[in-house]
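Undergrad: Sharing a structure below in structure tokens format, with a few things to ask.
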Amino acid sequence: MQAEIRHAEPTDLAAVKAIYEQPSVYANTLQLPFQAAAKWHSLFEPQAGFYNLVAEVEGQVIGQLGLQVMQNPRRRHAGEIGMGVAEAYQGQGVGSALLRAALDLADNWLALRRVELLVYPTNEPAIALYERFGFEVEAELTDYAFQYGNYVNALLMARVSPHL
């Protein structure tokens, strides 16, 4: 299966919302279940330094990745990513395709030296994906988020480009 990666359009809003409504997706992000569509509209409005990518197969949006370039002048060399892939397509290379496209953008067009992300230590498939792309754990944040009635830690991972 080959996913096409492209910039998200406003017509993708319902599909992206549907991805993040799936339990395995919202549980592994900071999203809450039962979000109103209005919450997602801001993701599709122009924002300084925000790049919104989607993965599409046969006309269906199956994954989304956001890359936010830091706006503080002292942090403009850094960006942060977050992504979700529809449950039916997890483990099939969609996350790799999204991450590859985002890192190409970061390295070759935005001159980002550092790309950061947060991931829960229990999300082993995601950690393995990030490590394949050169991300390393820099810190473990204690009681970072509330998930399924418990406080959970998060890992801060980053990839520092040796080329920039």
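The values are calculated or read from the model by the stated rules, or taken from the named source; none is laboratory data. Model, not experiment: these values are computed from the prediction. Cβ sites come from the backbone with ideal geometry, for glycine too, and all protein chains shown count toward neighbours.
Undergrad: Picking from Leu32, Leu13, Leu53, Leu43, which residue would you name as being under 14 Å from the mean Cα position of the chain (by Cα) and without any contact (Cβ under 8 Å) to a residue 40 or more places away in the chain?
TA: From the options Leu32, Leu13, Leu53, Leu43, the qualifying one is Leu43.
Undergrad: Shifting gears a bit: Can you tell me which residues in the stretch 69-80 are loosely packed, with under 15 Cβ neighbours inside 10 Å and either under 23 Å from Ala154 (Cβ atoms) or β-branched (Val, Ile, Thr) (or both)?
TA: Gln71, Asn72, Arg75
Undergrad: So, one more: Looking only at helices (runs of 4 or more DSSP H) that lie completely in the stretch 1-85, which have at least 3 residues being touching a strand residue (DSSP E or B) at 6+ places or on another chain (Cβ under 6 Å)?
TA: It comes to 13-20.
Undergrad: Just wondering, is there one or more residues in the stretch 110-126 that are in a strand (DSSP E or B), touching a residue at least 40 places away in the same chain (Cβ under 8 Å) and among the charged types (D, E, K, R)?
TA: Among the residues of the stretch 110-126, at least one is in a strand (DSSP E or B), touching a residue at least 40 places away in the same chain (Cβ under 8 Å) and among the charged types (D, E, K, R), which makes the answer yes.
Undergrad: I'd like the full set of residues that are in a loop (DSSP other than H, G, I, E, B) and touching a residue at least 12 places away in the same chain (Cβ under 8 Å), limited to the stretch 132-153.
TA: Phe133, Gly134, Phe135, Tyr148
Undergrad: Could you say which residue among Leu129, Leu156 is touching a Ser or Thr at 6+ places or on another chain (Cβ under 7 Å), at pLDDT 95 or above and either more than 22 Å from Ala8 (Cβ to Cβ) or part of a helix (DSSP H, G or I) (or both)? Can you show your working first?
TA: Values: Leu156 fails: touching a Ser or Thr at 6+ places or on another chain (Cβ under 7 Å).
Going through Leu129, Leu156 in turn, just one is touching a Ser or Thr at 6+ places or on another chain (Cβ under 7 Å), at pLDDT 95 or above and either more than 22 Å from Ala8 (Cβ to Cβ) or part of a helix (DSSP H, G or I) (or both): Leu129.
Undergrad: Here's another thing I want to ask about it. Given the residues Val85, Val61, which is the only one that is in contact (Cβ under 8 Å) with a residue 12 or more places away in the chain and under 10 Å from the mean Cα position of the chain (by Cα)? Talk me through it step by step, then tell me what you get.
TA: Working: Val61 fails: under 10 Å from the mean Cα position of the chain (by Cα).
So the residue among Val85, Val61 that is in contact (Cβ under 8 Å) with a residue 12 or more places away in the chain and under 10 Å from the mean Cα position of the chain (by Cα) is Val85.
For (1) closer than 25 Å to Gln147 by Cβ; (2) touching a helix residue (DSSP H, G or I) at 6+ places or on another chain (Cβ under 6 Å), each residue gets a yes or a no:
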{"site": "Pro33", "(1), (2)": "yes, yes"}
{"site": "Val69", "(1), (2)": "no, no"}
{"site": "Arg74", "(1), (2)": "no, no"}
{"site": "Ala88", "(1), (2)": "yes, no"}
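Yes/no per residue for (1) aromatic (Phe, Trp, Tyr); (2) exposed (fewer than 13 other Cβ atoms within 10 Å of the Cβ):
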residue: Glu9; (1), (2): no, yes
residue: Ala15; (1), (2): no, no
residue: Gln22; (1), (2): no, no
residue: Phe50; (1), (2): yes, no
residue: Gln64; (1), (2): no, no
residue: Leu67; (1), (2): no, no
residue: Gly82; (1), (2): no, no
residue: Ala88; (1), (2): no, yes
residue: Gly93; (1), (2): no, no
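Undergrad: Follow-up question, since we're still on this one. I'd like to verify a number: residues in the stretch 122-152 that are in contact with a Leu (Cβ under 8 Å, 6 or more places away or on another chain) and surrounded by 14 or more Cβ atoms within 10 Å (Cβ to Cβ), how many?
TA: Taking the stretch 122-152 as the starting set, the residues that turn out to be in contact with a Leu (Cβ under 8 Å, 6 or more places away or on another chain) are 127, 129-130, 133, 135, 137-141, 144-145.
Subset that is surrounded by 14 or more Cβ atoms within 10 Å (Cβ to Cβ): 127, 129-130, 133, 135, 137, 144-145.
Here the count works out to 8.
Undergrad: Okay, moving on. Tell me yes or no: at least one residue of the stretch 110-121 is out of contact with any helix residue (DSSP H, G or I) (no Cβ under 9 Å at 6 or more places or on another chain), under 21 Å from Ile19 (Cα atoms) and of a type in the set (Gly, Ala, Ser).
TA: The answer is no, given that none of the residues of the stretch 110-121 is out of contact with any helix residue (DSSP H, G or I) (no Cβ under 9 Å at 6 or more places or on another chain), under 21 Å from Ile19 (Cα atoms) and of a type in the set (Gly, Ala, Ser).
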